[in-house]
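Notes follow once the structure below has been shown.
The values are calculated or read from the model by the stated rules, or taken from the named source; none is laboratory data. Here the structure is a predicted model, which is why all the values come from computation and not from measurement. Glycine also receives a Cβ, built like all others from the backbone with ideal geometry; neighbour counts cover every protein chain displayed. We work out accessible area using only protein heavy atoms, side chains counted, and drop any ligands, DNA or RNA first. Shrake-Rupley method; radii C 1.70, N 1.55, O 1.52, S 1.80 Å.
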Amino acid sequence: MSTQSASGVPYKTFSYENFQGLDTSRDITSLDTGEDQHLTKLVNGYCDWRGQIVRDPTVAFRKGSNKVTHCSFYGKEAVVWAEETGSAINLRSDDDHVLENVHPIGSIISSIVFNQSVHLTCRGRATYRYDGTKFSRNQSTSLNSLTPAFISSIQRRMVVAGIPGRETQVHFSRVDNDEVFPEDEDVNSSNVLRAGFIDIANLLGTADQITGLGSFEQNRLVVFTSDRAIIYKIDPSIDNWLIDDDTFINIGCASHNTICNAGTDLMFCSRSGIHSIKRSEENGILVYSYSLSDKIDILYRELFASVDDPQKISAVFDQDTAQYHIFFPQAGDINTKRLTLALNPEGGEGAQPKFSEGDFLNARCGAFLGGKLVLGTTGGIYNVNQVEETTGFVPTLTIMTPLLWHGSLVDTKQTHSVIIQAAGKGTITMDAQDLDGNQIGSLVFEVDDTTDDNYFVGVPLSKQYERKWSYRYKAAQYSFKAEGGGGLLRLIGFAVNIKN
């Protein structure tokens, strides 16, 4: 709270609140809106549905020491992962079971849980499974010859694709049996539960290839290529398989490991952005795709181009927080950038997603189950805590606004003071620079409380921090860095008082 008495100086207050996350669709000179304010940088934090900027939760070390390239839950709270050593990729579990030197360095691994085991595939390599007690090789002769890259499951069948030499085929296991695939079956079998395959080559009309598999609703398999997606209705009976004619999805998937079920939708990453497949709310029949990332299209393409192989991009959907985290391993395979899409839990018309970035711990993959989110990093597996928990490693939150004009685009402003409204615990350092990039000034705010009233200028505030801020500029770009404290830290809004 400010302890200063009224100065008697007439001034006008320009407040910035209800933050909407990142926006690269407009230049930083034209993003000053005050209300519904977008940002040019938001790292290791996100904008919640109230428009508050919230620091990412703390994390706690779980296990491992090497670079983790893929992870998955094999039990309610048990994780299996692939880790790179100096010479190869090992498979390792929470129960300290290890399968060493399974795949060469740089291999891309996918997984699915089927028949109470995690099945892990790698293009051109044998498929392995882990049942909680040991790693073992799948005994299907057919599957061992297929060596698929992608794996999924639908209607009690395990499904594989990305097969060398058969890039347009999708192979299905026998119902409830992951060790029987088409070439393992008796050619004269008429059992409707038998294994089978489909070939989409003549449906494409191009030389495109399958790039991923996903399951949508209860009985629909989405077969992705680079430029489109084809949806099949799948039934345990092989005689009832057919193409869903009520869909036309003319957008492809760039990486199988970005395909995630998000509620009733299916989210994935294409070359140009983040997309979702959903059923029309109007007629309940039409299934279509729509883009979620239009307002950060430039940022997305920049991140996409920074990865040497698009198949290395992976994602995880946190169901409890409605956040879709995408991981972009950078050149050199050490550093990783994260892009997070936060959905509005209220939904409805106009409920736009909000975007943020992250680089904490160089997380490069993740898995979610039963309220538990784990991240695979360059140094093992970490558990992500609840946002209010104070223990664990604390990320550093970085925020940068666009150029703020405080009204006129031509007049020089004389500032009087600055106010921020924050809650939680930590140290917030505020800096500002002018149009030419020159440093204007810097302030430090010690935030040490966990209550706020979620309102700003014009009403009494329970937690408001005001400081003298006397500078001249036409426009300024403000940045905030929040460190230390741990637990919930929120920036609700800030304001600049300009002398009349």
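A few comments on the model shown:
- Wholly enclosed strands (runs of 3 or more DSSP E) of the range 1-117 bearing at least 3 residues among the hydroxyl-bearing types (Ser, Thr, Tyr): 11-17
- Filtered by the rule that a residue be out of contact with any Phe, Trp or Tyr (no Cβ under 6 Å at 6 or more places or on another chain), open to solvent by 10 Å² or more (accessible area, probe 1.4 Å) and of a type outside the set (Val, Ile, Thr), the range 316-335 gives GLN319, ASP320, ALA322, GLN323, HIS325, GLN330, ALA331, GLY332, ASP333, ASN335.
- Some residue of the range 105-112 being open to solvent by 10 Å² or more (accessible area, probe 1.4 Å), over 22 Å from ASP184 (Cβ atoms) and of a type outside the set (A, V, I, L, M): yes
- Selection of first residues in the range 312-327 that are closer than 16 Å to TYR300 by Cα and without any contact (Cβ under 8 Å) to a residue 40 or more places away in the chain and of second residues that are open to solvent by 10 Å² or more (accessible area, probe 1.4 Å) and hydroxyl-bearing (Ser, Thr, Tyr), restricted to Cβ pairs under 6 Å at least 6 apart or on distinct chains, gives the following pairs, ordered by first then second residue: PHE327/SER314.
- Residues in the range 248-272 that are surrounded by fewer than 17 Cβ atoms within 10 Å (Cβ to Cβ) and assigned to a loop (DSSP other than H, G, I, E, B): 6 in all.
- The lone criterion from (1) of a type outside the set (Val, Ile, Thr); (2) under 23 Å from THR377 (Cβ atoms); (3) open to solvent by 10 Å² or more (accessible area, probe 1.4 Å) left unmet by GLU281 is number (2).
- Taking the numbered list (1) open to solvent by less than 30 Å² (accessible area, probe 1.4 Å); (2) more than 26 Å from VAL316 (Cα to Cα); (3) touching a helix residue (DSSP H, G or I) at 6+ places or on another chain (Cβ under 6 Å) in turn, PHE197 passes all entries but (1).
- Looking at ALA254, ALA229, ALA201, just one residue is over 24 Å from the mean Cα position of the chain (by Cα) and of a type in the set (Gly, Ala, Ser), and that residue is ALA201.
- Test: residue in the range 105-123 that is without any contact (Cβ under 8 Å) to a residue 24 or more places away in the chain, out of contact with any Leu (no Cβ under 7 Å at 6 or more places or on another chain) and β-branched (Val, Ile, Thr): yes
- LEU146 falls short of the stated requirement of being at pLDDT below 95 and open to solvent by less than 30 Å² (accessible area, probe 1.4 Å).
- Residues in the range 388-413 that are modelled with pLDDT of 95 or more and of a type in the set (A, V, I, L, M, F, W, C): PHE393, VAL394, LEU397, ILE399, MET400, LEU403, LEU404, TRP405.
- Residues that are open to solvent by 30 Å² or more (accessible area, probe 1.4 Å) and either over 14 Å from ARG157 (Cβ atoms) or within 24 Å of the chain's Cα centre (by Cα) (or both), drawn from the range 204-219: GLY205, THR206, ALA207, GLN209, GLU217, GLN218
- Residues of the range 290-309 that are part of a loop (DSSP other than H, G, I, E, B), farther than 15 Å from CYS253 by Cα and open to solvent by less than 40 Å² (accessible area, probe 1.4 Å): SER306, VAL307.
- The set of residues from the range 85-94 being open to solvent by 20 Å² or more (accessible area, probe 1.4 Å) and either hydrophobic (A, V, I, L, M, F, W, C) or at pLDDT 95 or above (or both) comprises ARG92, ASP94.
- Flag if ASP244 is of a type outside the set (A, V, I, L, M) and either under 14 Å from the mean Cα position of the chain (by Cα) or open to solvent by 10 Å² or more (accessible area, probe 1.4 Å) (or both): no
- Of VAL192, VAL160, all but one fail to be of a type in the set (A, V, I, L, M) and open to solvent by 40 Å² or more (accessible area, probe 1.4 Å); the exception is VAL192.
- Test: THR33 is surrounded by fewer than 18 Cβ atoms within 10 Å (Cβ to Cβ), among the polar types (S, T, N, Q) and either in contact with a Gly (Cβ under 7 Å, 6 or more places away or on another chain) or over 15 Å from LYS354 (Cα atoms) (or both): yes
- Flag if LEU221 is more than 15 Å from LEU341 (Cβ to Cβ), in contact (Cβ under 8 Å) with a residue 60 or more places away in the chain and either in contact with a Phe, Trp or Tyr (Cβ under 7 Å, 6 or more places away or on another chain) or assigned to a helix (DSSP H, G or I) (or both): yes
- ASP245 without any contact (Cβ under 8 Å) to a residue 12 or more places away in the chain, part of a loop (DSSP other than H, G, I, E, B) and either closer than 23 Å to TYR288 by Cβ or in contact with a Ser or Thr (Cβ under 8 Å, 6 or more places away or on another chain) (or both): yes
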